Structures are given as C-alpha cells and as structure tokens.
Amino acid sequence: MNMPSSLPIVRLKPKANARAIRHGFPWVYDNELVTDRRTKGLTPGTLAVLEDDKRQAMGIVTTNSQSRIFCRMLERDTEAVIDQAWFEAKFARALAMRQRLYATPFYRLIHAEADGLPGVVVDRFGDTAVVQPNAAWADVLLEPMVAALVAVTGIANVIKNGSGRARGLEGLEDNSGVMVGAAPDAPVAVVMNGATYMADLTGGQKTGLFFDQRPNHGFAASLCKDAKVLDVFSHVGGFSLAALANGASEAVAVDGSAAALQLAEAGAAATGMTDRFSTRKGDAFDVLTALNEEDAKFDVVICDPPAFAPSKPALEKGLRAYERVARLAAPLVAEGGYLGLCSCSHAADLARFRGASLRGIGRAGRHAQLIHTGFAGPDHPLMPQLAESGYLKSLFFRL
C-alpha cells in the first residue's frame, strides 16, 4: 500500500485551471499536466500527489497515462493512507444515506466520483454486490476495496463486472468473476414501485438492473391506471411492469434481447400479471415503424433507449437518433395520451435532448405539453462540479 511519503508527484501546467480542481472538479486531463518520461512511465493506477504549477500540494490523485483523464482526485488530504480503513469510511458514508432512503437493500451503493470513489460503481442486490471498477486504480486496489465493502455492509457475495466501454477508455481488459462468496444461480428478484424485476447479475446488461430509473418508473406508473402501455427498449420490463403493478390494463414490452424479454416475462409472472403483459422482440425502430403501419394506439408510450450519444463526437448523430425515436413514437400515442422519452447520454445535455425530442414530436404532427422532467434517483447522486454524473434525463409529455 502506498504511504504518502513515497508517492510520486505530478504537476499542473501554468495554464491549467487549478481553481476548478480546488473547487471540486475531480479530473485532470492529459494536456493539463507537465508530462515527462517519468510521469508517462507511471504504471496505470499509480497514486500520486498532485501539485499546482507553484508546487502547492492539492491532493492525492490516481494516474493513468493511457487515459485522456490522466488524474482523478481521490483525497484532498495528502497525508491520508489509501488502505482498507480509508475504503471503509467511504462505504460507511455511502451506506448511511442509502439506508435512510430505502427500506430494502436494493440500490446503487457507490456512484463513482459523487461518492468519492472515482470510476467505481457498486450496485447492491440484497446480500450480493456487483462492483464495476471502471478506472485503473480501482483494479489495482480491488482487494482492499472489496474487503472494506464486506466489512461495512456484511454482504455475502461480491461479483466483479469488468466489462464495458469505460474500462476500454482506461486501457483495461474485460475481466469479470466472483470475488467473494458465490454468484446467484438464478436471477435475483427485486421489488420496486410495486413490481418484481428479475436481475441477471452475471449475464445481464451492466450490473443486471437499472436502479437509476426507479423514480421515473414510478412517475410513469402514476399515469397508467386503466391505460394501454407501450414500453420500448424495455430491458427487463422497467416501465411496463411498474405500469401493470399500478393498474395498467395491458402493457407491451419491446426489446432486441430475447434474454431481457424472458426476464421481463418472469417478472410479470412473479407479480401475477402475465395475462396483461406481452412482449415483442425486434429492433426498436423496426417495431415502432411496424406499429405505425398497423395504426396501433396506446394511452402511454415510453422509450428508454441506450446511450445514443456516449461521447461528444457522437453527439449530433445521437441527437438525430433521439429525434427519430420521438418522431416514430408520437403517432402511437392516443389523443390526450402521454409520451415518455429518456436519455442516458451525458454528452446530450437536458436542453439538447429536449430540443431533439420536441423536433421529433413536431415532425410527427403532434402538439405537446411537457408535464414532468425526471432524473436519476438519489442513490445516483450528482456531483455538482461534474456534469457527467447527471447523465439521466426523462421527459414526459401530454400529446
């Protein structure tokens, strides 16, 4: 374990915005540092002391010369020791808030920078946690981190999910497995908004379930009593199962993944709602086009696509995709019905996403009232200095 006295030093260039970092911005980009052979030679995940251009210490950072984000702020106290006890303090603080918010232990426990563990995501499913170490330092210090997680929460099983785009940007390999205990031998049942969801913790998307949409599922469900509902990009039935649990007359879930739809059907069965639930497998754009050709109509239509704009270079293409979703979905909404549109692209801010959605609705010849704007739940706290931590937007319109 690195002791503070032995940590190497990395230094900001004079033109770098040291004030922003002092005020809480957690990243230092590769073009903001004095990078010599020694700095570039640091093993990815090495801890270092960050200094400003006047050699004033600013804190302990993690480093990765293979990433555009060269440093991530870990600890403002340069005398701190990053060991199991340090991790335990982070987990205890995060756990205290989630236990206040949620009656059952199903939530995001660690939301990366916003919970003080940059690039680390931990989702909790009862006595099992799924850890995503999406930054090099977290891979290096995974053992004390997991030991601290078990010590603070008392959970029995810890699974590492080492896949995904974020790890690729850090130069990390896909590498998943069981760290503590055992992986569940069946999908885990998670109750939210009155519905039961089936989470596949080892073979599903990301950590197996999207806790971030919980409040938006709840708001959408409040519109759905006696309603006919269409849930597009449904994954394991997020919006459709919540709608049925709150009185929808019927719901159709659309997804390209047969495995996800099977989990949605299992969730409907677990809640006794199979008779009102149906699925339609296929590319979402193709299914929306086909439903328009069938002149189908629904009281509530919700589209929750994957990140069409995961980065700034993909922004314009992503905005066109969001506009297309809205243009194809709007005609399916009955007069006076509701359309919910979601984006998990941090590169597409709220104003741009709203603009793309309204262009699509307008191109479909519909008029809209925006009745609600939703964000991720409080187990996904937003770090005010880091716009990327507030990635999720949900817009609800009456057409």
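The values are calculated or read from the model by the stated rules, or taken from the named source; none is laboratory data. None of the values given here were measured: they were computed from a predicted structure. With ideal geometry, Cβ positions are generated from the backbone for all residues, glycine too; neighbour counts draw on all protein chains shown. With ligands, DNA and RNA removed, areas are computed over all heavy atoms of the protein, side chains included. Shrake-Rupley method; radii C 1.70, N 1.55, O 1.52, S 1.80 Å.
Structural remarks
- Where Rh is the Kirkwood radius over Cα pairs, Rg/Rh for the range 214-311: 0.95
- In the chain, helical runs assigned H by DSSP with n ≥ 4 each contribute -39500 (n - 2.57); averaged across all residues and rounded to the nearest 500, the mean residue ellipticity at 222 nm is -8500 deg cm²/dmol.
- Its relative contact order, with pairs defined as Cα atoms under 8 Å and 6+ residues apart, puts the range 101-238 at 16 percent.
- Working from Cα pairs under 8 Å separated by at least six residues, relative contact order for the range 288-382 is 33 percent.
- Summing charges over all other residues whose Cβ lies under 10 Å from the Cβ of residue 237, with Lys and Arg as +1 and Asp and Glu as -1, gives -3.
- The chain: relative contact order as a whole-number percent, Cα under 8 Å and 6+ apart: 11 percent
- When only alpha carbons are used to place a centre, the range 65-131 and the range 178-249 end up 24 Å from one another.
- For the pair residue 388 and residue 166 in one chain, pulling the backbone fully straight at 0.36 nm per residue adds 78.6 nm over the alpha carbon distance.
- Distance violations [Cα-Cα > 27 Å] among 225/393; 228/281; 54/90; 281/393: 54/90
- log₁₀ of I(q)/I(0) at q = 0.15 Å⁻¹ - the range 258-331, Debye sum with one point per alpha carbon: -0.68
- The tail of the calculated P(r) for the range 113-269 beyond 20 Å holds 54 percent of all Cα-Cα pairs.
- Accessible surface of the range 274-344, 1.4 Å probe, proportion on carbon and sulfur as whole %: 50 percent
- Sulfur and carbon atoms: percent of accessible area, the range 101-222 [1.4 Å]: 53 percent
- Mean projected area (nm²) of the alpha-carbon convex hull when the range 116-165 is viewed from all directions: 3.4 nm²
- Compactness of the range 103-195, expressed as Rg and Dmax over alpha-carbon positions, Å: 13.3, 41
- Projecting label points 7 angstrom from Cα along Cα→Cβ for residue 186 and residue 55 puts them 6.6 nm apart.
- Of the beta bridges in the chain, as assigned by DSSP with both residues counted there, near 60 percent are antiparallel.
- Directionally averaged shadow of the range 1-117, computed from the convex hull of its alpha-carbon atoms, nm²: 8.1 nm²
- Peptide packing for 255-265, 17-27 was compared via the average number of neighbouring C-beta atoms within 10 Å per residue; ordered from the highest value, the list is 255-265, 17-27.
- Paramagnetic reach from residue 178 in the range 132-160 [backbone N under 14 Å; point 7 Å along Cα→Cβ]: 156-160
- Angle between the chain longest axis and helix 258-270 axis [Cα atoms, degrees, rounded to 10]: 70 degrees
- On the principal axes of its alpha carbon atoms, the range 241-370 extends 43, 32, 26 Å, with the longest extent given first.
- Taken over the alpha carbons of the chain as equal point scatterers, the Debye sum produces base-10 log I(q)/I(0) values at 0.07 Å⁻¹ of -0.35.
- Set of aspartates and glutamates near residue 40 by C-alpha distance (under 12 Å), chain-local residues within fewer than 8 positions excluded: 30
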